[in-house]
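**Q** Please find one structure pasted underneath; my questions will follow.
The values are calculated or read from the model by the stated rules, or taken from the named source; none is laboratory data. These figures come from a predicted structure and were not determined experimentally. Note: ideal-geometry Cβ built from the backbone for every residue, glycine included; neighbour counts use all protein chains shown.
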Amino acid sequence: MELVERIREVLSAELNPDGILEILKREHREVSALMDHVEQSKPGAPARTSTFEEIASTLLAHVKAEDEVFYPALDKIEATHGMALEAHEEHHVIEVLVAELRAIQVRGEAWMAKFHVLTENVDHHVKEEEDKFFPKARTVLAAAHQVEMATAYAAARDRHLAGRTTHSEPS
Ligand SMILES: [Fe+2]
Ligand SMILES: [Fe+2]
């Protein structure tokens, strides 16, 4: 990389410290706090249902936007291709569990058992992303690209949160 290009990249990253990895990690913390809230809630508590709905919508928007904006770039690079495939499969399991939780009675024991499984899957996936995938992504994606991705990611996430899923690219 040309020196001038490298300097531009570093300056850009400094002016915009929030690259996509920082945004994703912040969202992981937020969803984890909400999941703890549900784990500690009493059966039948109205907060359990409303907090779960918040988790479901933010989690689905997060994984869909990651699949749209973040992982396609890593999928094209040989060093990160395998982890992009793995992340996509883990997202699929999370999406299935969220859909199943939405379909059954929140009050029942079965719901809480399934919610535990969702928590375990999300914890595992977040750990894998933060300990393995993100450090690797940081080495293969230019800092300026990470900053650009942050903007594209936020737009995709907000579109999913608003319920608009008519993106032209496959998710
Ligand atoms: Fe994530
Ligand atoms: Fe993910």
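**Q** When you scan region 32-54, do you find a residue that is more than 15 Å from His124 (Cα to Cα), surrounded by 15 or more Cβ atoms within 10 Å (Cβ to Cβ) and within 14 Å of ligand 2 (Cβ to nearest atom), even just one?
**A** Scanning region 32-54, I find no residue that is more than 15 Å from His124 (Cα to Cα), surrounded by 15 or more Cβ atoms within 10 Å (Cβ to Cβ) and within 14 Å of ligand 2 (Cβ to nearest atom), so the answer is no.
**Q** Now for a different question. I'd like the full set of residues that are under 22 Å from Met35 (Cβ atoms), among the charged types (D, E, K, R) and without any contact (Cβ under 8 Å) to a residue 24 or more places away in the chain, limited to region 67-96.
**A** The one that is under 22 Å from Met35 (Cβ atoms), among the charged types (D, E, K, R) and without any contact (Cβ under 8 Å) to a residue 24 or more places away in the chain: Glu89.
**Q** Could you check region 121-149 and list, in sequence order, the residues that are among the hydrophobic types (A, V, I, L, M, F, W, C), more than 16 Å from ligand 2 (Cβ to nearest atom) and either without any contact (Cβ under 8 Å) to a residue 40 or more places away in the chain or touching a Gly at 6+ places or on another chain (Cβ under 8 Å) (or both)?
**A** Ala143, Val147
**Q** Now for a separate question. Could you list all residues from region 14-59 that are among the β-branched types (Val, Ile, Thr) and either touching a helix residue (DSSP H, G or I) at 6+ places or on another chain (Cβ under 9 Å) or modelled with pLDDT of 95 or more (or both)?
**A** Ile20, Ile23, Val31, Val38, Thr51, Ile55, Thr58 - these are the residues of region 14-59 that are among the β-branched types (Val, Ile, Thr) and either touching a helix residue (DSSP H, G or I) at 6+ places or on another chain (Cβ under 9 Å) or modelled with pLDDT of 95 or more (or both).
**Q** Further question on the same structure: If you scan region 55-88, which residues turn out to be within 11 Å of ligand 2 (Cβ to nearest atom) and either touching a strand residue (DSSP E or B) at 6+ places or on another chain (Cβ under 8 Å) or of a type outside the set (A, V, I, L, M) (or both)?
**A** The answer is His62, Lys64, Glu66, Asp67, Phe70, Tyr71, Glu86, His88.
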